[in-house]
Structure formats: structure tokens, C-alpha cells
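All remarks here apply to the structure that follows.
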Amino acid sequence: MIGGVLLLTLTLLFGRGSGVLWLIPTGDTVKRFQTLFTSGVMSIQEQGTPADATAGIVFLLATGAGLIAILMDVLAITLRWPAAAGVPVLVPVVAPGFLLDEGADVAALVVASAAFFVLLRVAARIHENGATHLAGPDQDAARQPLRSGPVWVSVAIASIGIGGALTLSAVTPPLTDGGSAGGSLGALSYGSGINPMIDLGRDLRQPKPRPALHYVTTADQPPYLKILTLDRFIETNWTARPDPPRQENTLDDIRKPDGVSADVPTSEMVTSVVIDRLDTSWLPAPTAPTRVDGLSGNWRWGDTARTISSLGSSTRGQEYTVTSLQLKPTVQQLRNSSTDYPAEALNNLELPTPRPEVVDQTARVLATGTTSNYDAAVAIQEYLRSDDFRYDTEAPVEEGFDGGGVDVIGRFLEVKRGYCVQFASAMAVMARVLGIPARVALGYGPGTRVPGTGQEKARYEISSDDLHTWPELYFVDIGWLPFEPTPGRGAVPDYARPDAVSSGSTPLSGQPTRGPSSSQANPTDELGGLVGPESQLQDSGSLSLLGLISALVAVILITPGVVRLLVRERRRHRIRSGRGGASAAWAEITDTALDHGIPVRDTDTPRKWADCLSISATAEASLHRLVVVEERDRYAPAGKDAGPGNPVLLADDVDRVVRAIRTGVNLRTRAMAVAMPASLWRAMKRRGREESSTLPG
């Protein structure tokens with residue numbers, strides 16, 4: 001029933017009129033759902049948190065909510081496990097506490113807690129009414145009015161489960177803050193290796209580099225291997241524009257970059273990559289690939305960013321060859337490039353407002369005296385590579401400006417210390433200020449050449465130390481070109497070298513002094529992880545996420561045992577204080593028996609059940625006294641009950657019988673009795689009268 005309602009609702013809201021009468025799905029509706037699903041998954045992978053609510057993400061949320069409702073219906077109604085029905089709701093309610101700095105929504109947690117409590121109470125009332133009717137009016141109803149059942153048991157279950165979730169949500173660092181809960185680059189990782197956010201924090205300070213891949217290439221200079229492109233802002237932070245690959249975008253014939261004039265010199269290079277320990281759904285590849293061979297799985301390329309990704313495959317264990325195009329424009333071609341940008345490039349001029357004034361001021365000072373966008377771009381690059389700036393992975397954390405957002409860039413330009421994310425973001429933002437389309441690329445630097453391999457092609461090894469970000473700027477008739485503003489990292493392209501600019505150009509006035517940068521930083525201190533190979537993520541993000549999931553599972557698993565312990569201790573206290581009576585004593589020994597695999601049937605009288613119980617002689621005497629007390633309490637006429645006698649002796653008898661039951665079974669059964677007490681799951685059906693008579697409603 002719920003599944004049908006879900007399908008009709010999704011067709012109405014997301015089918016765009018493809019359904020019969022807008023409600024009944026058709027083949028076109030299925031195709032529409034497939035498109036939305038693909039778009040939603042890609043958008044989640046490309047965005048950070050909080051994510052922009054695209055149509056695909058909204059579709060996934062609506063579908064997920066419906067599936068949770070179906071699962072709850074199965075657990076609560078079909079399987080009659082109302083306590084377990086609250087578990088699926090914990091995922092969407094508690095998850096924000098692990099992903100966002102502001103934590104989970106307290107109001108949502110309160111509402112979910114109240115709804116869960118109501119669910120447990122309704123279930124308790126239903127089971128109690130059933131038990132009372134089975135007992136018969138002459139036995140139970142005549143003795144006392146129907147009570148509301150074991151309220152405190154419901155409260156205990158709800159409190160422990162929800163309290164545990166609240167505690168985890170409160171004390172666990174968000175996955176986006178660089179804490180132990182994950183890599184500092186953000187909320188979602190690609191497979192278990194690539195994280196799209198720009199807060200490198202914790203990843204940069206990983207002490208041990210780990211191998212990711214190695215490659216050989218025919219290129220004159222070893223290439224950068226791009227994985228992801230960040231090209232828009234959500235609030236003040238960089239994120240990737242949704243670019244879901246089309247099914248026809250296969251890798252055997254990737255379209256050459258748009259807008260490249262035939263006059264621009266190009267060369268073809270072939271790069272053979274072997275993945276060592278990288279596990280991600282985004283493929284490291286040189287910029288402007290035209291063909292990829294040797295990959296297994298379903299891989300496609302995106303129209304806008306030209307990155308290669310897969311919805312169901314991974315880079316793990318892959319060996320592939322990338323044929324790509326190298327753009328080698330001349331300085332004169334770059335200077336002559338017009339500002340008549342195509343529409344897709346204009347999207348890369350957007351900037352958040354307000355933003356720190358120092359960003360615009362610095363950009364305009366650097367551009368003073370330049371005669372082209374190209375000269376201004378090189379001026380920005382060389383300013384950031386000058387002696388005024390220093391590469392430092394600790395400074396952003398110490399100074400409180402870690403990350404790559406526009407607000408962070410303002411602080412970075414004042415402190416003049418940071419790592420590649422700040423350098424790349426600063427150049428891209430200042431380029432946009434000057435009207436130059438710009439974006440930030442994420443991936444790997446060229447790596448380290450391995451000497452003495454004896455191969456015709458040079459071999460390069462890439463580790464987590466080679467993870468890198470760099471800006472890409474757009475020039476009309478040439479396309480997207482990488483620049484390198486981070487001192488001591490990678491290699492400055494030939495077309496962007498200062499000597500190339502100075503030959504045939506007038507020195508830039510107003511440009512800050514620039515100097516050599518080779519001594520600015522130790523390359524091995526660079527990114528410990530904009531992304532990370534499999535083992536690195538396991539040491540940070542994956543292990544932490546696994547820890548969170550394990551903790552939630554642990555809370556769920558220990559809840560039955562804790563609740564049973566509370567039940568036992570409360571009964572013992574009430575029995576010893578004289579307020580519990582025979583029914584509480586009998587309920588405890590029968591529940592203990594049930595927990596330890598000894599059947600307890602509602603049709604058995606106390607004496608018949610006790611006769612079938614095999615325990616020690618000492619405990620048999622105690623059991624006999626408990627039978628007598630329970631029979632008096634259960635069968636004596638109203639007003640003539642002699643009472644349970646001495647409450648302390650009654651409690652001692654209960655303890656002896658409980659110990660005898662425990663010692664009479666093997667270790668495995670005792671462990672199951674502690675971890676998964678069967679009495680909790682059958683209590684509401686089996687003992688409505690006993691709990692109602694001993695506990696207030």
C-alpha cells in the first residue's frame with residue numbers, strides 16, 4: 001500500500017506529466033526517474049555540505065523518505081517490532097550532526113523522539129489489551145482496572161536509543177571540520193579516496209605519505225592529473241557545478257575541447273596509469289583527454305569540466321592509458337585573446353558578495369599597467385609565488401582561516417602564509433575580479449620521477465604528498481589553461497613563465513616585487529590529502545565514518561541488555577521494599593527463564609511450569625515458595641490474599657532461582673540472555689497483568 005502511494009506521489013511530483021493522468025507511471029516516467037537519480041548522485045558527489053537542493057537531490061530525498069516509511073511499516077506492522085521501527089528515522093535525523101558544523105536540528109530530534117515514544121506506547125497498549133483479554137475477565141479484569149502498561153520500559157528504550165544518538169551527534173566532530181571524523185575536505189568522499197571540499201586541514205598534516213598511483217608518459221613535461229573541477233560558489237565556498245555525464249559520452253572518443261582555434265599549437269601525449277592504492281569513482285587523468293583505453297567498468301566524461309567519473313565503478317586496481325591534448329599557445333596568442341566569452345565561460349565569473357575588500361584591491365593593484373588579461377593573470381601568479389608569500393600547512397589552522405572560501409582568501413592575503421588551496425583559490429578569485437573566467441582544479445601534481453627504470457618513457461610515482469589544487473583560466477580561442485601560483489609546487493607552464501611575459505612586453509607598473517620561489521617550501525609537506533589513497537582515507541575519513549556507524553550500531557545492540565538490566569534492578573528494589581509483591585517476583589524468574597531459552601507458556605499454571613523447570617535442590621525450595629506465593633496472589637479471592645510474606649526472604653528466593661537458571665545453561669546461552677533478552681520482545685504479549693500490577697501506569 002505505502003509503496004503504491006510512494007510511486008504515485010513520485011510520478012505526480014517528478015514525472016513532468018509523463019504518467020497517465022499524471023499519476024500512473026509509464027516508460028517515460030521510468031526514464032525520467034533514472035535521469036533524476038543519476039543527476040542526484042552526481043550532485044551529491046560534487047557538492048559539499050550543505051548541498052544545493054537540485055532536482056536530483058530532492059528526488060533522492062523524497063524517494064529515501066518513502067523507503068524509510070515502507071521499512072518502518074514492515075518493522076512495526078508486519079514484523080511487530082515497534083522499537084526497531086525507530087532506527088531508520090535516526091539516519092536522516094542524526095546525520096546532520098556528523099556533517100554540519102551547526103550539528104543536528106534539535107527540533108527535528110525532539111519531534112522524532114516524541115513520535116518514537118508514542119509509537120512504543122501505542123504498541124504497549126495494544127499488546128496489553130490482548131494479554132488482558134486472553135487472561136479472562138474473571139481473573140484479571142475483576143482484580144484491578146486496566147492500566148496503561150509498562151510506560152517506563154517504553155521510556156527507557158526511547159531514552160537510551162535517542163539519547164545515544166544525541167550524544168554521538170553532539171560529541172562527534174563534523175565530517176567537514178577537519179576533525180577526527182573525516183578528511184578535512186568535506187562531507188562526502190568519492191568511493192574512499194577523493195573529497196571535493198576545500199578545507200584540507202587535517203589531511204595536509206598527515207605525517208606519512210602513501211602511494212596512490214604511478215604512470216609513464218610521452219609528454220615533454222610530466223602532466224598534472226585532474227580529478228575534479230570546482231567552478232561555482234555556494235555562499236562563500238567553492239563547489240562543483242553539477243555535470244552528470246551523458247550515457248553517450250563514452251571514453252573511446254572524447255570530444256576535443258570546445259573553442260580551441262586551429263592556429264593554437266597542440267601536441268598529443270599518451271599517459272599510461274597504474275593505480276596502486278587509490279579507490280575513487282573519479283578518474284585521475286591529464287587535462288583535455290581525448291581517449292581512454294583499458295578501463296573496466298562503466299565510465300563517462302562530463303561535457304563541462306571534462307572530468308571522467310563512474311556511478312558504479314572504482315579506480316581500485318585499474319590500469320589504463322589516456323590519450324590527451326596539450327595546448328601550447330604562444331604569448332602573443334594569449335595577449336590577443338578577446339573578452340568575447342561564450343556563455344559557458346561567463347558562468348565562471350560569478351563571485352559571492354559581500355567579500356573582503358582586500359581581494360578586489362589586491363587584484364586591481366596587480367593589474368595596474370597590464371595590457372591584457374594574460375599579463376594580469378601572470379602578474380597574479382608571480383605575486384603569489386614571490387618572496388612575500390610562504391608555503392605553510394600549519395598557518396591557516398593557527399590563524400583560523402583554513403579552507404578555500406572567499407572569506408578565507410581575504411585573511412590569506414593579509415597573513416601571506418598558506419598551502420595550495422589558498423594559493424589556487426586566491427588566484428582564481430582575483431582573476432574573476434578582473435573579469436577573467438577562472439575555476440579551481442583538484443588532483444595530483446606531476447609526482448616524482450623514478451631514476452634508472454631503463455624504460456623509453458620516464459616513470460613517475462605519485463603519493464598523497466602530490467595531491468594538489470591549481471587554478472585554470474579561460475582564454476577565448478584557446479580554452480582552459482592551468483597556472484601554478486603555489487610556491488615550490490608542480491611546474492609553471494611555459495606560456496606562463498615570467499621570462500615569456502617579459503619578452504616583448506612592457507614591465508608591469510604597480511606590480512609587487514616578485515622573486516624566486518624555489519626555496520619557499522618543502523614539496524613533501526604539501527597536501528596530505530585533498531584526496532587520499534585508500535589507506536590514507538582509512539586512517540582518517542573512512543575509519544572515522546566506520547567508527548560513527550559502529551557506535552550507532554553499538555548503541556542499538558546494547559539497548560536491549562541495558563533495558564533488561566533496568567527492569568531487573570527495579571523489580572528487585574520493589575520486591576525488597578515490599579511494594580513489588582508476588583507478581584513482580586514471578587515475572588522476574590519467568591523472564592529470566594525466557595532469556596535463557598526456557599519456554600514460558602501463558603497456558604501453564606505456575607505449578608505446572610515450575611515442575612518442568614530443572615534446577616538445583618536448594619533453588620527448588622525457593623521456587624516452591626515462590627509458586628505458593630504466586631498462586632495465592634493469582635487465585636485467592638479478592639480481599640483474602642495473604643500477601644507475599646517477608647519481602648526480604650521473597651527477594652532472596654528470587655535471587656536463588658535466577659542464579660540456578662543461569663548456571664544451568666551453557667556460556668553461549670548466558671551471553672545471548674545478556675545481549676538479546678528474549679523477554680523484552682515477548683513481554684508485552686505475555687505479562688500485561690504482572691507489569692501492570694507492580695508498576696504505576
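If you filter the range 347-380 down to residues that are within 20 Å of Trp238 (Cα to Cα) and without any contact (Cβ under 8 Å) to a residue 60 or more places away in the chain, you find that the one that is surrounded by the most Cβ atoms within 10 Å (Cβ to Cβ) is Pro356.
Quick check on my filter: what residues within the range 1-34 are of a type in the set (Gly, Ala, Ser) and part of a helix (DSSP H, G or I)?
Step one: list which residues in the range 1-34 are of a type in the set (Gly, Ala, Ser), which gives 3-4, 15, 17-19, 27.
Residues satisfying the conditions are Gly3, Gly4, Gly27.
Go through the range 393-435 and count every residue that is of a type outside the set (A, V, I, L, M, F, W, C) and at pLDDT 85 or above. Here the count works out to 11. Just one of (1) under 30 Å from Gly405 (Cα atoms); (2) out of contact with any helix residue (DSSP H, G or I) (no Cβ under 9 Å at 6 or more places or on another chain) fails for Leu325. It is (1). When restricted to residues that are surrounded by 23 or more Cβ atoms within 10 Å (Cβ to Cβ) and within 15 Å of Thr362 (Cα to Cα), the range 381-405 contains 6.
Check whether at least one residue in the range 475-483 is in contact with a strand residue (DSSP E or B) (Cβ under 7 Å, 6 or more places away or on another chain), part of a loop (DSSP other than H, G, I, E, B) and modelled with pLDDT of 80 or more, and report yes or no. So far as the range 475-483 goes, yes, one or more of its residues are in contact with a strand residue (DSSP E or B) (Cβ under 7 Å, 6 or more places away or on another chain), part of a loop (DSSP other than H, G, I, E, B) and modelled with pLDDT of 80 or more. Listed conditions (1) surrounded by 17 or more Cβ atoms within 10 Å (Cβ to Cβ); (2) at pLDDT below 75; (3) under 25 Å from Gln247 (Cα atoms) are all met by Ala53, apart from (1).
Sort out which residues of the range 582-601 are under 17 Å from Tyr635 (Cβ atoms) and in contact with a helix residue (DSSP H, G or I) (Cβ under 6 Å, 6 or more places away or on another chain), and write them in order of number.
Selection gives Ala582, Ser583, Ala585, Trp586, Ala587.
Just so you know, in the range 321-333 the residues that are in a helix (DSSP H, G or I) and among the polar types (S, T, N, Q) include one that is nearest to Thr371 (Cα to Cα), and it is Gln332.
Quick check on my filter: what residues within the range 275-287 are among the aliphatic types (A, V, I, L, M) and closer than 22 Å to Thr250 by Cβ?
Ile275, Leu283, Ala285
Restricting to the range 425-449, name every residue that is within 25 Å of His214 (Cβ to Cβ), in contact with a Gly (Cβ under 9 Å, 6 or more places away or on another chain) and either buried (at least 24 other Cβ atoms within 10 Å of the Cβ) or among the aliphatic types (A, V, I, L, M) (or both). Hit for the range 425-449 is Gly445, nothing else. Restrict the check to the range 232-243 and report whether at least one residue is in a loop (DSSP other than H, G, I, E, B), modelled with pLDDT of 85 or more and surrounded by 14 or more Cβ atoms within 10 Å (Cβ to Cβ). No; the residues of the range 232-243 include none that is in a loop (DSSP other than H, G, I, E, B), modelled with pLDDT of 85 or more and surrounded by 14 or more Cβ atoms within 10 Å (Cβ to Cβ). If the condition is being crowded, with 23+ Cβ neighbours inside 10 Å and either in contact with a Pro (Cβ under 6 Å, 6 or more places away or on another chain) or in a loop (DSSP other than H, G, I, E, B) (or both), then the range 206-221 contributes only Ala212.
Could you go through the range 416-430 and let me know if any residue there is among the aliphatic types (A, V, I, L, M), assigned to a loop (DSSP other than H, G, I, E, B) and out of contact with any Lys or Arg (no Cβ under 8 Å at 6 or more places or on another chain).
Just the residues of the range 416-430 that are among the aliphatic types (A, V, I, L, M), to begin with: 421, 424, 426-430.
Pick out the ones that are also assigned to a loop (DSSP other than H, G, I, E, B) and you get none.
No: the range 416-430 contains no residue that is among the aliphatic types (A, V, I, L, M), assigned to a loop (DSSP other than H, G, I, E, B) and out of contact with any Lys or Arg (no Cβ under 8 Å at 6 or more places or on another chain).
Scanning the range 559-608 for residues that are free of Cβ contacts under 8 Å to residues at least 60 places away in the same chain and of a type in the set (A, V, I, L, M, F, W, C) turns up just one, Leu565.
Ser296 - would you say it is modelled with pLDDT of 90 or more, of a type in the set (Gly, Ala, Ser) and either in contact with a strand residue (DSSP E or B) (Cβ under 8 Å, 6 or more places away or on another chain) or closer than 25 Å to Ala428 by Cβ (or both)?
On the way: modelled with pLDDT of 90 or more: yes; of a type in the set (Gly, Ala, Ser): yes; either in contact with a strand residue (DSSP E or B) (Cβ under 8 Å, 6 or more places away or on another chain) or closer than 25 Å to Ala428 by Cβ (or both): no.
So Ser296 does not fit the description; no.
Only one residue in Val555, Val654, Val648, Val658 is at pLDDT below 85, surrounded by 15 or more Cβ atoms within 10 Å (Cβ to Cβ) and within 55 Å of the chain's Cα centre (by Cα). Which one? Show your work before the answer.
Working: Val654 fails: at pLDDT below 85; Val648 fails: surrounded by 15 or more Cβ atoms within 10 Å (Cβ to Cβ); Val658 fails: at pLDDT below 85.
Answer to the selection: Val555.
One residue alone among Leu626, Leu594 is in a helix (DSSP H, G or I) and farther than 15 Å from Pro647 by Cα, and that residue is Leu594.
The values are calculated or read from the model by the stated rules, or taken from the named source; none is laboratory data. What you are looking at is a predicted structure, and each value in this text was computed from that prediction instead of being measured. FYI the Cβ positions are ideal-geometry reconstructions off the backbone, even for glycines, and counts take in every protein chain you see.
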